[in-house]
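See below for the structure under consideration.
Values in this text are rule-based calculations from the coordinates and carry no lab data. Keep in mind that what you see is a predicted model, and the values were worked out from it rather than measured. Here the Cβ positions follow ideal geometry from the backbone for every residue, glycine too, while neighbour counts run over all protein chains shown.
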Amino acid sequence: MGTTLDIKIKRANKVYHAGEMLSGVVVISGKDSVQHQGLSLTVEGTVNLQLSAKSVGVFEAFYNSVKPIQVINSTIEMVKPGKFPGGKTEIPFEFPLHVKSNKVLYETYHGVFVNIQYTLRCDMRRSLLAKDLTKTCEFIVHSTPQKGKWTPSPVDFTITPDTLQNVKERALLPKFLIRGHLNSTNCVITQPLTGELVVESSEAAIKSIELQLVRVETCGCAEGYARDATEIQNIQIADGDVCRGLSIPIYMVFPRLFTCPTLETTNFKVGRVPWSPCPSFTAVPGCCAQGLAHSRCSVHSCSHWRPGGPTFSAKH
Amino acid sequence: MDFQEGHSRNRNYKAEFASCRLEAVPLEFGDYHPLKPITVTESKTKKVSRKGSTSSTSSSSSSSVVDPLSSVLDGTDPLSMFAASADPATLAAAMDSSRKKRDRDDNSIVGSDFEPWASKRGEILARYTTTEKLSINLFMGSEKGKAGTATSAMSEKVRTRLEELDDFEEGSQKELLNLTQQDYVNRIEELNQSLKDAWASDQKVKALKIVIQCSKLLSDTSVIQFYPSKFVLITDILDTFGKLVYERIFSMCVDNRSVLPDHFSPENVNDTAKETCLNWFFKIASIRELIPRFYVEASILKCNKFLSKTGISECLPRLTCMVRGIGDPLVSVYARAYLCRVGMEVAPHLKESLNKNFFDFLLTFKQIHGDTVQNQLVLQGVELPSYLPLYSPAMDWVFQCVSYHAPEALLTEMMERCKKLGNNALLLNSVMSAFRAEFIATRSMDFIGMIKECDESGFPKHLLFRSLGLNLALADPPESDRLQILNEAWKVITKLKNPQDYINCAEVWVEYTCRHFTKREVNTVLADVIKHMTPDRAFEDSYPQLQSIIKKVIAHFHDFSVLFSVEKFLPFLDMFQKESVRVEVCKCIMEVFIKHQQEPTKDPVILNALLHVCKTMHDSVNALTLEDEKRMLAYLINGFIKMVSFGRDFEQQLSFYVEARSMFCNLEPVLVQLIHSVNRLAMETRKVMKGNHSRKTAAFVRACVAYCFITIPSLVGIFTRLNLYLHSGQVALANQCLSQADAFFKAAISLVPEVPKMINIDGKMRPSESFLLEFLCNFFSTLLIVPDHPEHGVLFLVRELLNVVQDYTWEENSDEKIRIYTCVLHLLSAMSQETYLYHVDKVDSNDSLYGGDSKFLAENNKLCETVMAQILEHLKTLAKDEALKRQSSLGLSFFNSILAHGDLRNNRLNQLSVNLWHLAQRHGCVDTRTMVKTLEYIKKQSKQPDMGHLTELALRLPLQTRT
């Protein structure tokens, strides 16, 4: 093994807020001393937009006409050309997370069409004979918590066959009544979504009740905006024919990396359309395949069951 | 050279003894003495009971002789403590004491009176089994190349390779169908192993996947009879996982040189550990399915300690609510059981969520009778009475957790709530198995009433009575109700048609009957059991239960005369017709007999019954019986034989031994014991007659001797035989049976050549020489007092034995033969004395027979000469390099013998001793200090009267200095 390069960020969770000091050490370790042409450190933050094939067509999606937006990009020279002694060398660094006035440090976010990522790259340039050494390491940016007071906005809901949308033959649906409430329709992203749900009655045996978290990403480009809703996660909150009249908790932890507070910029938007508890039924108990197929269908029919239904705006 | 005077010096044994004896010190009783038994004081007993177990330290109080070993163990032996706490009779008391303790230390820790999950585990696995085929649906195959049975065109090798590829590819689904229960268990064990492997090889994600897949199996209720066992198997894996995660995070905190204490607070946990811990929780929170998400999160509940102080107390109620989402009532109650189990382990003080689990369960109770469940049962072809007991393990556990240290009010409330629900037999059963036994026992009559009211179709009633019986075995109901309870319960039990149901119930109630009633009631119960179990040989299927009944009965009736007067006891024993079981039962009976019988007995009832029992045990011995088993049986039979005594009726006693011999001829240790017993009997007789046998007693004693003489040859062990011959010969001699004694000694002599070089001791082959040496020394010293037979020559036996020793093939390079010859020299010296060192009362030894006759002495001296010549011959052969050390030490020991026993005024002997002294020192192999000591001894001896000649000798013995 020759020389190895490593970056160690001081915070274990690698989470930083705008304006903070990103600090850590670059570790160079190797048996022998190593000659180099300089060591540099780069911080890079980009927003990648990928157009959905659905909205703009296959070709455009393939060409990826939207250019990545650079949020931050700066390099510092850590060490002048010279020589590192054998053994382990640690070079500490600090990077203030400031951006130019017209830019905002968006939160790290990994979506389908929108990707916001921050990386720290360390390059060691070496002479022609030896290969340059590079090490990249992702760090996470969270926006600073808002100061304003958060007021919960609870909401009650009822689901019956009549409230379902996208249903072709309403007559075929079994009768059911589900009531429930959410503790708040706007949530703090670090806190779980909570609520309760009661199956008051259901003609058919319930197979499963699931909670779907959907995000909406909107990408803007020359041709207009592309809006896409995709599922982030799907959590089962009831399995099997649950007891009638007994409240079942609704509880979901937001997957931090794949969600971010609702965000709107000129070029792209990320928001979440809400959850949808989807009861699924089986006409014949124990007949799995049919039941599943049915449940898929009801997921879609439920997801828009109330136009403009409780949209979530999350804030810190 | 003076042969007439002899080589041996004359000894005055009395004077020598007096001069050598240690000064006698009057012994003060009550002083410390190392061998004195250690008496266990009361304080120690108390300490034990305070620990939560009232181990019966009866050995200290009841028996006067205390075995120091057992008494040392008594207070602190952890094994007996466990045994004691498992003993149902003491459990109640233990619970009592620990409840008091709870008042003090605020029940923050689960005490030892809380029956742990581990003890339930095996029971569940044994009880809930199935013969139906099972299937495992896994996404990651754990086995390689086994599954495929399809005949494909591909070569076997290619196919296996492809399958392996499949295995490694994540998400390759594999459904294993048609597994037998054992296969299923093995497969899960494999998964457990691969979980550990994955963890060890740092594949944390794979480990998590395995755990998720496993817990997913718990949502599958096909083959519902197996579900409880499945739960046990899979939660084992979850426990392993929980432990691994906890330990991993814990070890991350240890990094910075300081080890976390057991009760750490979250502030002491470093960021990396916290981050890892959070990651686990986030990962688990995103598991799609409810049941795996629930189980996996519950399994790492303990890790909340790393994050915040209140973590667990926030998590538990949330998880409790989460269970509400599980539709299937069986799956949900097991989920609750798991949650309670983890909760009790991690945070036993959080009672609220336990209670909430209980009340939530009651809310969903009606689901059991709902359509969904009924449809499922019809589909699987399972009847309700066999479905409902599947709930019991989980319900029992939840109930037990809730009722543990719960105030009376809560228990009453729980009971009332249970009563209100329809078809509450299932609940009632769990209440009885989980609540404190005293709580149940005091309300037994109420419970009997409730049981009677229960719906017959649902939960089987015999199970309810069984649970009630179990409680009554632990705690006593009020005095006044006792008989009525028994009557009421037995009225129902006796009506049970199915022998299995019946015996399961009866087994439990026997304990109650034995505890509170006399032999009359026990007899009735036994009779009833016999009546139920005999038709169609039903007993064949219920040996374990019948065995347990016997155990319970004998545990309560220590007096065997009472026990055997229970008329139905022996007929009951006759039900054990399978030999192995029969022997087991016999062993139990004998163990209890040996343990509790204090006095020797001659009660014909006991003797008859126990002889029968012992005979059964003995007859089970065959060529395949293990050594250990034989030893055990022999120990038990010996214990019985030792306990039989007909007092002064010695003839009866002997005839008993004769009978016993004919019965137990296959067990060597028993025969040995019988021989010893008979010898003891002969000596007893002698003692009674004060040494003067009448004609009658002499005949009796001869009968005893004859018994031994004909019994010994049937033994196998050569040294057993030799020692018994010698021993019995001594007994015969003591009883003035001279010719018989001669016969014994001759038999022993003729046996010596048969001694093999190696003998088997405890399964290992060892050289026999040291044993032979020991035996021969013992033998020779006995021969001192054996008078010569008038028809044979002088010292007939000694010569005979010497010939045997001479001809015996000794180990090469061994000096044992010479050592024996040295002993013979000592013997011959002792024989030439005027009065011998010891005598047998009323037997004239050679000293009085010959009265120091010169011819006898001459014979004796001739023998001495021969033996000495042999010794010297041997010393000569040792003049080789490698043997010099042996030569030196043998020479010295020979020198010492001459010094002690020879008359050194004899010139030849004197010269010989000087030569030996030189020989010992010649090659510098000898320890100089020994030589110095020896010389000092000679000088000291020379100061005594008649020993003046030693001064001269001392001058001739130079000390060699090493230069």
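In table form, for the structure just shown:
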quantity: Per-residue HN-Hα couplings for segment B:628-636 [Karplus 6.51, -1.76, 1.60; θ = phi - 60°; Hz; x = Gly/Pro]; calculated: 4, 4, 4, 4, 4, 4, 4, 4, 5
quantity: Percentage relative contact order, segment B:638-762, counting C-alpha pairs under 8 Å, at least six apart; calculated: 20 percent
quantity: Fewest-first sequence of B:267, B:936 by Cβ atoms within 10 Å of each Cβ; calculated: B:267, B:936
quantity: Estimated dipole of segment A:4-141 in Debye, rounded to 20 [Cβ of Lys and Arg +1, of Asp and Glu -1, Cα centre]; calculated: 240 debye
quantity: Relative contact order for segment A:4-141, counting Cα pairs under 8 Å that sit 6 or more residues apart, in percent; calculated: 35 percent
quantity: Residue mean of other protein chain beta carbons inside 10 Å, B:272-278; calculated: 2
quantity: Sorted by Cβ density within 10 Å, fewest first, the residues B:606, B:493; calculated: B:606, B:493
quantity: Distance violations [Cα-Cα > 22 Å] among B:587/B:630; B:552/B:595; A:135/B:206; calculated: A:135/B:206
quantity: Centre separation in Å (Cα based) which lies between segment B:602-674 and segment B:392-444; calculated: 51 Å
quantity: Shielding by other protein chains, A:242-255, mean Cβ within 10 Å; calculated: 5
quantity: Cleavage-rule hits (trypsin sites (Lys or Arg not before Pro)) in segment B:308-355: DSSP loop, at most 16 neighbouring Cβ within 10 angstrom; calculated: B:309
quantity: Under 12 Å, Cβ to Cβ, from residue B:622 - net charge with Lys/Arg +1 and Asp/Glu -1; calculated: -2
quantity: B:220, B:649, B:762 arranged by Cβ crowding within 10 Å, fewest neighbours leading; calculated: B:762, B:649, B:220
quantity: Candidates per trypsin sites (Lys or Arg not before Pro) in segment B:898-963, loop by DSSP, up to 11 other Cβ within 10 Å; calculated: B:943, B:962
quantity: Segment A:4-141: Cα Rg divided by the 2.2 N^0.38 Å rule of thumb; calculated: 1.26
quantity: Formal net charge of residues neighbouring residue B:218 (Cβ-Cβ distance under 13 Å; K, R +1; D, E -1); calculated: -1
quantity: GluC sites (Glu not before Pro) within segment B:327-390: DSSP coil, no more than 12 neighbouring Cβ in 10 Å; calculated: B:383
quantity: Relative contact order (%) - segment B:489-618, alpha-carbon pairs under 8 angstrom, separation at least six; calculated: 25 percent
quantity: Residue-count net charge about residue B:683 - beta-carbon cut-off 13 Å; Lys, Arg +1, Asp, Glu -1; calculated: +2
quantity: Partner chain coverage, peptide B:357-364 - average Cβ within 10 angstrom; calculated: 1
quantity: Protection proxy ranking, peptides B:499-512, A:199-212, B:591-604, average beta carbon neighbours within 10 Å, highest first; calculated: B:499-512, A:199-212, B:591-604
quantity: Residue B:278/residue B:362 FRET efficiency (R0 41 Å; Cβ-Cβ; nearest 0.05); calculated: 0.70
quantity: Estimated inter-spin distance, residue B:115 and residue A:21, nm [label 7 Å along Cα→Cβ]; calculated: 6.3 nm
